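Asker: Shown below is the structure under consideration.
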Amino acid sequence: MASPKDFQTFVFLDIETTGLPKDRPRMAELCLFAVHRRSLQRSLLRGAVTPSDQLPRVIDKLTLCIDPQKPFTPTAEEITGLSNQNLEENCKPDLNGAAVEAVQGFLGRQTGPICLVAHNGLGYDFPLLCAEFQRVGASLPPDTGCLDTLPALRELVKGAIGNYQLGRLYLYFYGQEPLRAHSAEGDVITLLLVFLAKATELMEWASLNARSWGEIQPMYSLSRN
Ligand code: DCM
Ligand code: MG
Ligand code: MG
């Protein structure tokens with residue numbers, strides 16, 4: 001982005017899928033937590049008993065389970081707990097107009113400018129969401145911000161930490177393993193808590209370095225499945 005962007009709402013996002021980029025994955029679960037910057041402008045609370053005591057009280061949340069219309073890889077099925085069978089048994093539709101409208105409506109009610117936030121978002125979640133939206137002819141406003149906390153935290157948290165996987169960062173900041181890893185909502189909560197530990201720096205980093213949705217390329221072309 002050319003000029004610094006004064007993002008008002010940060011929308012933490014995680015997507016569970018059928019596999020890795022080489023598998024041309026399809027979306028099976030999407031979670032969005034929208035938090036106004038007002039609730040991010042504070043240091044970690046002292047005397048919190050559990051990490052989740054740090055979570056802001058005012059959060060809009062959306063979690064959708066979706067029929068990915070593609071088999072899960074064994075690994076994706078094992079780590080996410082989602083399967084073609086349990087999604088089908090629970091009668092989950094594919095990414096249809098109603099799901100797209102839910103996402104667009106959810107984002108539309110947040111105070112802008114909005115910045116989507118995902119860990120390794122530029123490498124995974126944003127291109128994947130872009131491919132899924134393209135498939136159904138849907139879009140998001142091109143000036144929606146896209147912040148990848150992986151390169152951001154590589155720059156902001158130096159030394160004392162060997163790898164910058166989300167769970168490793170959470171362990172670094174909170175001294176324990178995250179809960180419900182590889183559920184979209186569990187990962188969003190972990191991401192939000194990691195963000196809160198460096199919120200001032202990350203919001204500043206976002207205003208200077210966030211990409212925009214219009215720059216995101218789909219993870220794969222849709223000409224074959
Ligand atoms: N994934 C995978 N194998 C892994 C890690 C992830 O297939 N070893 C896929 C399935 C997950 C998706 O990536 O649903 C997103 O990963 P995460 O749960 O870390 O957000
Ligand atoms: Mg993820
Ligand atoms: Mg996840």
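Computed from the coordinates by the stated procedures, all read-outs in this text should not be read as laboratory data. Predicted, not measured: the structure shown is a model, and the values here were computed from it. FYI the Cβ positions are ideal-geometry reconstructions off the backbone, even for glycines, and counts take in every protein chain you see.
Asker: Given springs between every Cα pair under 10 Å in a Gaussian network model of the chain, which of Gly112, Gly97, Gly47 has the largest fluctuation?
Answerer: Between Gly112, Gly97, Gly47, it is Gly47 that shows the largest mean-square fluctuation.
Asker: So if I place +1 on the C-beta of Lys and Arg and -1 on the C-beta of Asp and Glu, and nothing else carries charge, what would the dipole magnitude of segment 35-123 be about its Cα centre? I want it in debye, nearest 20.
Answerer: On the way: 9 positive and 9 negative charges, 165 e Å.
Roughly 800 debye for segment 35-123.
Asker: Counting C-alpha atoms alone, how compact is segment 1-128: give Rg to one decimal and Dmax as a whole number, in angstrom.
Answerer: Gyration radius and largest Cα-Cα distance of segment 1-128: 16.8, 49 Å.
Asker: At a threshold of 8 angstrom on Cα-Cα distance, excluding pairs fewer than six apart, so keeping six or more, what relative contact order does the chain reach in percent?
Answerer: Working: 384 pairs, mean separation 65.6, N = 225.
In percent, rounded to a whole number, it is 29.
Asker: With labels modelled as points extended 7 Å from the Cα through the Cβ direction, what inter-label distance (nm, one decimal) is found for Gln217 paired with Glu78?
Answerer: For Gln217 paired with Glu78, the spin-label model returns 3.3 nm.
Asker: Here's another thing I want to ask about it. Dipole magnitude of the chain about its Cα centre, charges +1 at Lys/Arg Cβ and -1 at Asp/Glu Cβ only, in debye to the nearest 20? Could you put the intermediate results ahead of the total?
Answerer: On the way: 21 positive and 25 negative charges, 116 e Å.
Roughly 560 debye for the chain.
Asker: Over segment 1-78, what is the relative contact order in whole percent, taking alpha-carbon pairs under 8 Å and six or more residues apart? Can you show the working numbers first?
Answerer: Values: 104 pairs, mean separation 27.6, N = 78.
Relative contact order here is 35 percent.
Asker: Rg and Dmax of segment 64-174, Cα atoms, in Å?
Answerer: Calculated on Cα positions, Rg and Dmax stand at 16.8, 47 Å.
Asker: Let me ask something additional. How much space per residue, in cubic angstrom, does the convex hull of the C-alpha atoms of segment 74-117 take up? Can you show the working numbers first?
Answerer: Working: hull volume 4.6 nm³, N = 44.
Considering the Cα atoms of segment 74-117, their hull volume per residue is 105 Å³.
Asker: Same structure again: Rg and Dmax of the chain, Cα atoms, in Å?
Answerer: 17.0, 54
Asker: Let's see if you can work this out: charge +1 on each Lys and Arg Cβ, -1 on each Asp and Glu Cβ, no other charges. What is the dipole magnitude of segment 114-168 about its Cα centre, in debye to the nearest 20?
Answerer: Details: 4 positive and 5 negative charges, 45 e Å.
With only Lys, Arg, Asp and Glu charged at Cβ, the dipole is about 220 debye.
Asker: How do Arg180, Arg211, Arg26 rank when sorted from fewest to most other Cβ atoms within 10 Å of their own Cβ?
Answerer: Values: Arg180 13, Arg211 19, Arg26 22.
Least crowded to most crowded, the residues run Arg180, Arg211, Arg26.
Asker: Ok, one more. Per 10 Å bin, what is the whole-percent P(r) computed from every C-alpha pair distance within segment 123-191?
Answerer: Going out from 0 Å in 10 Å bins, segment 123-191 shows 16, 40, 30, 13, 1 percent.
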